[in-house]
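Read-outs: derived from the displayed coordinates by stated rules, not from any lab. This one's a predicted model, so the numbers in the text were calculated from it and none came from an experiment. Here the Cβ positions follow ideal geometry from the backbone for every residue, glycine too, while neighbour counts run over all protein chains shown.
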There are 2 protein chains.
Amino acid sequence: MIRVGIIGVGTVGSHVVKILQENEDIITARSGKKIIPIIGVVKDTTKKRDVNLPLSSDVNDVLDNPEVDVVVELMGGVDEAYKIVTRALKNKKAVVTANKALLAYHRYELRDLAGDTPIGYEASVAGGIPIIKALREGLSANHIEAIKGIMNGTCNFILTKMMNEKAEFADVLREAQALGYAEADPTFDVGGFDAAHKLLILASIAYGIDVKPEEILIEGIEHINSEDIYFAKEFGYNIKLLTIAKKSGDQVELRVHPALVPITQMIAKVDGVMNGISVIGDRVGETMYYGPGAGGSATASAVVSDLIDIARHTQNSPMLGFIKPLEKSGLTLMNRDDICTQYYIRVTVEDKIGVLSKISEILGKHSISISSFLQKQDVKKEERAVLLFSTHTCKESNIQKALQELSQLEFVELKPAMIRIEA
Amino acid sequence: MIRVGIIGVGTVGSHVVKILQENEDIITARSGKKIIPIIGVVKDTTKKRDVNLPLSSDVNDVLDNPEVDVVVELMGGVDEAYKIVTRALKNKKAVVTANKALLAYHRYELRDLAGDTPIGYEASVAGGIPIIKALREGLSANHIEAIKGIMNGTCNFILTKMMNEKAEFADVLREAQALGYAEADPTFDVGGFDAAHKLLILASIAYGIDVKPEEILIEGIEHINSEDIYFAKEFGYNIKLLTIAKKSGDQVELRVHPALVPITQMIAKVDGVMNGISVIGDRVGETMYYGPGAGGSATASAVVSDLIDIARHTQNSPMLGFIKPLEKSGLTLMNRDDICTQYYIRVTVEDKIGVLSKISEILGKHSISISSFLQKQDVKKEERAVLLFSTHTCKESNIQKALQELSQLEFVELKPAMIRIEA
């Protein structure tokens, strides 16, 4: 028998209790043991909840409770959760957490502290999709060449709607908020920060690389407009918020940003609130994992799978994938200026003679070669033209310098915009 | 240190050796141990092979070798492989196998014999995609409602070409054979038998159901023609060879057949030689797994992941997913006559008055209600018409009776064809 204490009994926590109770038959058959939730901790015990579980408002009722074998941390946040998980591990209690922010900042400290005590965190990335297990165990024979993920359902919902209905960001965001797919303050999602937390967790498993969210390139989807959608459709792309980890020599690129993805790629077909993660291994080639990246029941499915693994004693698979550190790998984070990829650029200009030649000159000066070009009239202002370029592969620092110079040209009317292309 | 003996050093076996040798850095870091191939068994030791491994022609050099910890069985076939795996298990050697036919017939005997000795078989289904792990561990909290898979790359290559180029089966088959995607005798693949073996393995993990390939509905793709492709395109379907396991009450449907799948479904987007498996869990909803279902390197990636799991001692996850049998489940195989789904029917007739009314009468008599209808002239013979119907959900036995009656009508010129619709 495994006895579980749950800290944080909100949507996900209630579903964890429900699954353990309602799917007891299959869980017992698969784990060989009964897995029983015995106590939950909540801030307000008087609030009515649809859950059949004794509740307390004191974390010590879980952390110092000799009857609790596994602590499930679903409270969220970083500092307080870190204290609680640390105490649980010191008390030799296994931990299961869905807390991506906690892991984005403290995964290595927790791994070192845990030793042989299991920490499960399948629910922290892409909800119900078992991507942690796939990466840590299923693809363990491979050097991982790249991970490209759509791991934020809010952004994917908004971008899918923008693509399908040629709608503007602000309008779709309002709709997403009304539907409950986006928060009142949507920055954490649409700014790419949520996806960045998840990326760092996957990058640790793939590369053993220890960086914090502040160190990587993160751009959100707020600046994408209908001109970009137009260009994407015209040239056979979908626009997705991609989380990218990519090995280039001894360096690892880690970045989160909107990207133009050819519609022929499987990852480009992941629409709506769904998540999809494409992983390229040196031996297996590309595999992709698709499913619901959020939602109480799907996330709880991942939490319970970790509990079943712990009951089966299969958690010897090390928390971050490596039993022995990769001493010789020496992988370091690539400076964002050194990223090489293709780019799409949008420049809104006064519609007059000589503009295109001046812009081409600036791009050429920075060794940027144009791959395709499209000019259209600005729908909002007749005397303006919108110039849409895609480039061949070039260096991020060159693009940034060119954008800077373009923005200072007298006839450039709006700040030039750029979206990376991931072909 | 884990020492590995490989029985059958062909394409997959050579890649297993290569991965173990060339990716030793990452494998040692991830498993905590060196995993070393020490001997291979082949029929002909004089044949030149691109592999750095001592070879023998005597299986006893592996099976009775006290230095071998794990036996990797890659010889294929059923009877001989069963004897070898049985002997390995009796000698308490762990086994890793890619042999789907062996498991389709003997998975329960092997499980019972193995006890606590690990048997890994990730490579037996869908090559490099870690679908066994996903189903057995990642989704373990769920009652599995359905599995729908594209698990035969040969069929998917042929059907994709037929859809994209409106080509006929025989022509595309020849092309697939020339490219090495289809065997000289393609029956095992295009007849659905290969996919059926894989389906039974997944069904055991999902439902603990013990049936043999002969007991389930298996139909191949040989009879699909360009009229069917035309109808599918017209009504927004793709045609795929689907492997389906579906729980309906106390019964499990197990079937392999071509199916019309709405192009909006993720599984319908799996094209070419690629595999994809959609799994619907009662808690997580739909997740899908996509990747290369065959090929030496991808399949070897799965074999080596099993070896790493064994080195990590994580094989306590039981072979078929259940530590304790599901005593109360009492799930039985649904009789194929009781399957309920939608159907597409193609009837080629002499083009004359009264034909449609007679056909409608027969369908109505068997409680079959038409959902959409399309008539076109036969491109091969002007005086013939091809009638294409889709139906609302009805019972398989009724469809079979109706097809039987239709085939006996005087004006019906070819044997009526049927494809199931999986919406």
>> Can you say what percent of the DSSP beta bridges in chain A, counting only those with both residues inside, are antiparallel? Round to 5.
In response: 70 percent
>> For B:H197, B:H257, which order do you get if you count the other beta carbons within 10 Å of each Cβ and list the fewest first?
In response: B:H257, B:H197
> Once label points are set 7 Å from the Cα along Cα→Cβ at both B:K380 and B:N164, what is their separation, rounded to one decimal in nm?
Replying inline: 2.6 nm
> Of A:I39, A:A268, A:T243, whose Cα points farthest to the positive end of the dipole of chain A (charges on the beta-carbon: +1 Lys, Arg; -1 Asp, Glu; origin at the Cα centre)?
Replying inline: A:I39
> Among A:S226, A:V95, B:H366, whose Cα sits farthest toward the positive end of the charge dipole of the protein assembly as shown (+1 at Cβ of Lys/Arg, -1 at Cβ of Asp/Glu, about the Cα centre)?
Replying inline: A:V95
>> Rounded to the nearest 20 debye, what is the charge dipole size of the protein assembly as shown about its Cα centre when +1 sits on each Lys and Arg Cβ and -1 on each Asp and Glu Cβ?
In response: 920 debye
> Helix B:396-407 versus the longest principal axis of chain B: what is the Cα-based angle in degrees, 0 to 90, to the nearest 10?
Replying inline: 50 degrees
> Sorted from shortest, what are the nm distances separating the label point of B:D58 from equivalent points in the other copies, each placed 7 Å from Cα along Cα to C-beta?
Replying inline: 7.2
>> Please report the antiparallel percentage of the DSSP beta bridges confined to the protein assembly as shown, to the nearest 5.
In response: 70 percent
> So which of B:K18/B:K47; A:K233/B:K233; A:K43/B:K246 end up more than 30 Å apart, counting from Cα to Cα?
Replying inline: A:K43/B:K246
> By its C-alpha gyration tensor, with a ≥ b ≥ c as the square roots of the eigenvalues, how is the range B:46-118 shaped: rounded for a/c under 1.5, else prolate for a/b larger than b/c, else oblate?
Replying inline: oblate
> From the Cα gyration tensor of the protein assembly as shown, with a ≥ b ≥ c the square roots of its eigenvalues, which class applies: rounded if a/c is under 1.5, or else prolate if a/b is larger than b/c, or else oblate?
Replying inline: rounded
> Could you give the angle, 0 to 90 degrees to the nearest 10, between helix B:355-365's Cα long axis and the longest principal axis of the Cα atoms of chain B?
Replying inline: 60 degrees
> Expressed as an acute angle from 0 to 90° and rounded to the nearest 10, what is the orientation of the C-alpha long axis of helix B:11-22 relative to the principal long axis of chain B?
Replying inline: 50 degrees
>> If each DSSP helix of 4+ residues adds -39,500 (n - 2.57) and the sum is divided by the residues in chain B, what number results at 222 nm, nearest 500 deg cm²/dmol?
In response: -10000 deg cm²/dmol
> Among all the aspartates and glutamates, which ones have a C-alpha under 14 Å from A:K380's C-alpha, if same-chain residues fewer than 8 places away are not counted?
Replying inline: A:E168, A:E227, A:E350, A:D351, A:E413
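Let me know the mean shielding of B:293-301 by other chains, meaning the per-residue number of their Cβ atoms within 10 Å of its Cβ. List each step's numbers first, then the result.
Details: counts 0, 0, 3, 1, 7, 7, 2, 3, 11.
Per-residue shielding by partner chains comes out at 4.
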> Using +1 on the beta carbon of Lys and Arg, -1 on that of Asp and Glu, and nothing else charged, what's the dipole of the range B:134-291 about the Cα centre, debye to 20?
Replying inline: 500 debye
> Once the Cβ-Cβ distance between A:N91 and A:N335 is put in as r, and R0 is 35 Å, what FRET efficiency do you end up with, to the nearest 0.05?
Replying inline: 0.25
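In terms of the Cα gyration tensor, with a ≥ b ≥ c the square roots of its eigenvalues, is chain A rounded because a/c is under 1.5, prolate because a/b exceeds b/c, or oblate? Intermediate results must be reported in sequence, preceding the final value.
Details: a/c = 2.56, a/b = 1.90, b/c = 1.34.
Cα axes put chain A in the prolate bin.
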>> What does the structure give for A:269-278 when I average, per residue, the other chain Cβ atoms found within 10 Å of the residue Cβ?
In response: 2
> In nm, one decimal, shortest first: how far is the label point of B:T11 (7 Å from Cα along Cα to beta carbon) from the matching points in the other copies?
Replying inline: 4.6
> Among residues other than A:V261 whose Cβ falls under 11 Å from its Cβ, what is the net charge (Lys/Arg +1, Asp/Glu -1)?
Replying inline: +3
> What are the lysines whose alpha-carbon lies under 17 Å from the alpha-carbon of B:K133, with same-chain residues fewer than 8 places away excluded?
Replying inline: A:K133, B:K100, B:K148, B:K198
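In the neighborhood of A:T160, defined by Cβ-to-Cβ distances under 11 Å, what is the net charge if each Lys or Arg adds +1 and each Asp or Glu adds -1? Before the final figure, lay out the partial values.
Numbers: positive: A:K161, A:K240, A:K269; negative: A:E165, A:D271.
My count for the surroundings of A:T160 gives +1.
For every other residue with a beta carbon closer than 9 angstrom to the beta carbon of A:S14, add +1 if it is Lys or Arg and -1 if Asp or Glu, then tell me the sum.
Numbers: positive: A:K18, A:R49; negative: A:D50.
After counting each charged neighbour, the total is +1.
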